[in-house]
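Structure first, commentary second.
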Amino acid sequence: MAADLSAELRERIEQAAANRATLRIVGGNSKAFYSQPAADAETLAVAEHAGIVDYEPSELVVTVRAGTRLAELEAVLAEHGQMLGFEPPHFGAGATIGGTLACGFSGPRRPFAGSARDFVLGCKIVNGLGEELNFGGQVIKNVAGFDVSRLMVGARGSLGLLLQCSLRVLPRPETEATVAFPIAEPAAAIEFMNRLAGRPWPLSALAYDGVSVRARLSGAAAAVRAAAANIGGEFDLGGDSFWQDLREQRLPFFQRPGNLWRVTTAPAATQPELAGAWLIDWGGAQRWLKTAESADSVHRACAASAARATLFRGDGSPNRAPLTPELAALQQRVRNAFDPLGVFATYPD
């Protein structure tokens, strides 16, 4: 069935290329809010192209079709005491691993375990000419050729249809605990998080919600207990739900009025001067802003602070700051190499 569907998807892409049509790849459609295509496009539904192709727990590698639901994959890994190390958000029950990688989303564990891109070992795609291409492999030490498979992460389907991917997985930690430190000022919270991150503690998440800095410790029970005793703070018995709600954007902060901006910057960087409410994740490297400020104002303030802003959920303002002419030209050359006829929908940059 999966092989037949793969052939059908290739045929659909070949027809689109012949007709000069544009296709928008849709899996579970859980991330449709993120941005809309730059032009009208036909839907290429891929959620039925699902299932685990190969999984050997002792090798810490799983190969899965892109339409596989994220929850189903995580459940299989959990049965073997393993997990996706980049702790991806779902944003809906229909979330697929293909859509997750296409958007490049990673959760609170990202600065300590790695991003979605870091866990991709190989992939199989269909390019804009309907050709099936394989990149990378199924082993962690894979150094042959260009690392094209990781180029698919964050491309939002603009370079090709992701058919399947091989991912490195991690053992689930023996235990986890969250400690909280009440801090009033964001600047003090950023400084404190950077001090914590510089110490040899088994940290797996670090965030500030405007009231407290929360630090999640993960690993062997003895190591977590020792770290918690050294760090201090108050044990947060609701820590597990906090990190899940942060990852899935269910915290009260995300319900505030205004556009939601994702601001990426150096962990110790000063806060951009913008009106609104802030939530700081990744120990300071990812900052969420709820504001009514215009897109131009947000981009100017972030540029002045050496930060980059992306409209994550909002009123249709420009999605992100424009690329430099050099980067825009490079991006276009890459797209031309994979999709010379412009079959796959592109998104505002």
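Quick notes on this one:
- Scaling the Cα radius of gyration of segment 209-255 by the globular reference 2.2 N^0.38 Å produces a ratio of 1.30.
- Taking label points 7 Å from Cα along the Cα-to-Cβ direction, residue 326 and residue 254 give a separation of 3.7 nm.
- Rounded to the nearest Hz, the phi-derived 3J(HN,Hα) couplings of segment 299-311 under the Karplus curve 6.51 cos²θ - 1.76 cosθ + 1.60 (θ = phi - 60°) are 5, 5, 5, 5, 4, 5, 9, 6, 10, 10, 10, 10, 6, where x marks glycine and proline.
- Remark: relative contact order (segment 166-263) = 32 percent; criterion is Cα-Cα distance under 8 angstrom and separation of 6 or more residues.
- The figure for residue 338 is an accessible area of roughly 20 square angstrom, using a 1.4 Å probe on the protein chains alone.
- One chain, two ends: residue 5 and residue 292. Fully extended at 0.36 nm per residue, the span grows by 98.8 nm beyond their Cα-Cα distance.
- The smallest convex shape that holds all Cα atoms of segment 207-327, its convex hull, gives 135 Å³ per residue.
- Dipole magnitude of the chain, debye to nearest 20 (Cβ charges: Lys/Arg +1, Asp/Glu -1, about Cα centre): 620 debye
- Orientation-averaged projected area, Cα convex hull of the chain (nm²): 17.7 nm²
- Separation in nanometres of the label points that stand 7 Å from Cα toward Cβ, at residue 58 and residue 313: 4.5 nm
- Building the convex hull from the alpha-carbon atoms of segment 1-80 and averaging its projection over directions returns 6.7 nm².
- Computed from the C-beta positions of residue 229 and residue 19, the FRET efficiency with R₀ = 51 Å rounds to 0.20.
- Rounded to the nearest 10 square angstrom, residue 52 shows an accessible area of 60 square angstrom against a 1.4 Å probe.
The values are calculated or read from the model by the stated rules, or taken from the named source; none is laboratory data. Since we're looking at a predicted model, the values are computed, not measured. Positions of Cβ are generated from backbone atoms using ideal geometry, with glycine treated the same way; all protein chains shown enter the neighbour counts. Areas reflect the complete protein model, heavy atoms only, side chains present, ligands, DNA and RNA absent. Shrake-Rupley method; radii C 1.70, N 1.55, O 1.52, S 1.80 Å.
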